[in-house]
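What follows is one structure encoded as structure tokens, with my remarks underneath.
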Amino acid sequence: MLGMNHLSNQVLTDEASTSTNFYESDRILRHYLNKHISGSGLEYMSDKLERLGMQAAGEMDDLSLTADQKSPELKKRSKLGEDINEVEFHPAYWELMDMAAQSEMFYVKYNHKLRNTFSRERHQLGFAAGQLYAMSELGAYCPLCMTDGAAHLVDKFATDDMKERLLPRLAANRGKELFSGAMFLTEKSGGSDVGRNLATAEQIEDDKYKLNGEKWFCSNVNADVIMALARTDKVEQGTRGLSLFLVEKELLDGTRNPINIIRLKEKLGVRSMATGEVIFDDTIGIRLGEENQGFKVMAEMINTSRTYNCVAALAGSRRAVIEAWEYLNHRITFGKKATEHALIRQKFHELGALFVADFLLVWRAIRAMDAAEQGDEEAQQLLRILVPMAKWRSAEHAVYIYANVWN
Ligand SMILES: Cc1cc2nc3c(=O)[nH]c(=O)nc-3n(C[C@H](O)[C@H](O)[C@H](O)COP(=O)(O)OP(=O)(O)OC[C@H]3O[C@@H](n4cnc5c(N)ncnc54)[C@H](O)[C@@H]3O)c2cc1C
């Protein structure tokens, strides 16, 4: 065995250390929250943010790596040969989902009492937790995004009975109780051009329909509450013939809704969560919103997703800058700390400036989201233009920041 002395095995200086709490160290987020969030809102969330900040800088990291390396597997059939269509996850994934629920990123937004108390700031409170969470786990943040989106559509378009039954589950603050959401839009025939979708919906009674057809890219394929687009009207072409359906994994009588998962996708990223190809085979769906207005209804969920994308991009950018700073600040190159070299400092100034600009843009959009819900018309207009802009800039900069840091 080769002997290794201390010096030849050492990469960083002796005093090297890593962040222990991403919330405590985030002076930008804390400043923002202090400025814009009410004292009671901050008081309610602060212990959750503290705990999540510590988890994200600590135990979530290992869980996240494990959940990513031990990607979910599809169990098509039981040992008896019966179709089960179950997706099996590593326990690390469920722990990560539990941490998300316990952070109250949804509970604070949809719990009846809290949403009234914090009606002016519920999105900001939820996304503060989201940004910390996504610094450590971006895979599960995709199902979490769609859980929020599904809760939003249930809240806005479902019957009172459905709201009462589903909202407490979609916004649970315990992983065991959490129902997760999904959106099934994409088909082989239509990706960007959703209007080319072929899946059909045939009315059984009132707002209850039978769905048939194939969905090609279904993230969080094991979701409890799925929002799916299907065509009720063969005459209307394009997106005009589409309606939106709420598809539950389990029907009210306890039986499984037929959702045939053909296979899971082999992905390059977000490998901790399952994305699949699915066939609806007389699958029961409940229409939300008016017939033929499905794309417009779905657009509300898509806008939520865009905002999650922004927050995930911010989180990834901040994590990348922190990792690089911690490393280079304790790495000796050419006789001094790497961060003492002029070009390295200049690069940090550039990346830091991009991050701060994106932070302000994204959080301005989230603040507009809260104000828009209160009926502020200017905020409603602002939200329409800010969300796509913020998604574009933050995503593009996140890729640039990763590329600079991990090259
Ligand atoms: C990791 C991952 C998870 C996903 N999860 C889901 C999910 O949960 N639910 C879901 O429904 N879908 C999901 N999708 C599918 C995704 O939304 C589609 O891939 C997307 O809508 C694009 O469709 P497409 O792949 O068919 O590309 P196409 O529509 O075939 O587009 C190909 C290329 O042409 C460009 N293009 C298309 N139209 C235009 C135009 N008019 N002008 C200029 N350029 C254009 C596109 O930007 C793209 O670069 C997921 C995809 C990925 C990668």
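The values are calculated or read from the model by the stated rules, or taken from the named source; none is laboratory data. What you are looking at is a predicted structure, and each value in this text was computed from that prediction instead of being measured. Reconstructed Cβ throughout: ideal geometry from the backbone, glycine too, with neighbour counts over all protein chains shown. Ligands, DNA and RNA are stripped out before the accessible areas are found, and what is left, the full protein with its side chains, is counted by its heavy atoms. Shrake-Rupley method; radii C 1.70, N 1.55, O 1.52, S 1.80 Å.
Tabulated values for the structure
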item	result
Answer residue from region 160-195, given it is near the ligand (Cβ under 9 Å from one of its atoms) and touching a residue at least 40 places away in the same chain (Cβ under 8 Å) and is farthest from Ile226 (Cα to Cα) among those	Val194
Test: residue in region 247-263 that is touching a residue at least 60 places away in the same chain (Cβ under 8 Å) and in contact with a helix residue (DSSP H, G or I) (Cβ under 6 Å, 6 or more places away or on another chain)	no
Helices (runs of 4 or more DSSP H) contained entirely in region 81-141, each with at least 1 residues that are open to solvent by 20 Å² or more (accessible area, probe 1.4 Å)	91-102, 107-110, 112-117
Residue ID - nearest to the ligand (Cβ to nearest atom), chosen from residues in region 147-159 that are open to solvent by 10 Å² or more (accessible area, probe 1.4 Å) and assigned to a helix (DSSP H, G or I)	His152
Any chance Val270 is more than 10 Å from the ligand (Cβ to nearest atom) and either open to solvent by 20 Å² or more (accessible area, probe 1.4 Å) or in contact (Cβ under 8 Å) with a residue 24 or more places away in the chain (or both)	no
Thr255, sole failed condition from (1) away from the ligand (no atom under 16 Å from the Cβ); (2) in contact with a Leu (Cβ under 7 Å, 6 or more places away or on another chain)	(2)
Index of the failed condition, Ser243 passing every other in (1) modelled with pLDDT under 95; (2) open to solvent by less than 30 Å² (accessible area, probe 1.4 Å)	(1)
Test for Ser19: is it open to solvent by less than 60 Å² (accessible area, probe 1.4 Å), modelled with pLDDT under 95, part of a loop (DSSP other than H, G, I, E, B) and not acidic (Asp, Glu)	yes
Which numbered condition Asp61 misses (of (1) part of a helix (DSSP H, G or I); (2) at pLDDT 95 or above)	(2)
Filter result (open to solvent by 10 Å² or more (accessible area, probe 1.4 Å) and within 13 Å of Leu185 (Cβ to Cβ)) within region 217-234	Phe217, Ser219, Arg231
Residue list for region 64-75, filter: touching an Asp or Glu at 6+ places or on another chain (Cβ under 7 Å) and either modelled with pLDDT under 95 or part of a helix (DSSP H, G or I) (or both)	Ser64
Candidates Glu214, Glu202, filtered to the one that is open to solvent by 40 Å² or more (accessible area, probe 1.4 Å), within 16 Å of the ligand (Cβ to nearest atom) and part of a strand (DSSP E or B)	Glu214
Cβ-Cβ under 6 Å pairs, at least 6 apart or on other chains, region 131-143 side within 11 Å of the ligand (Cβ to nearest atom), far side at pLDDT below 95 and in a loop (DSSP other than H, G, I, E, B)	Gly139/Val270; Cys142/Val270
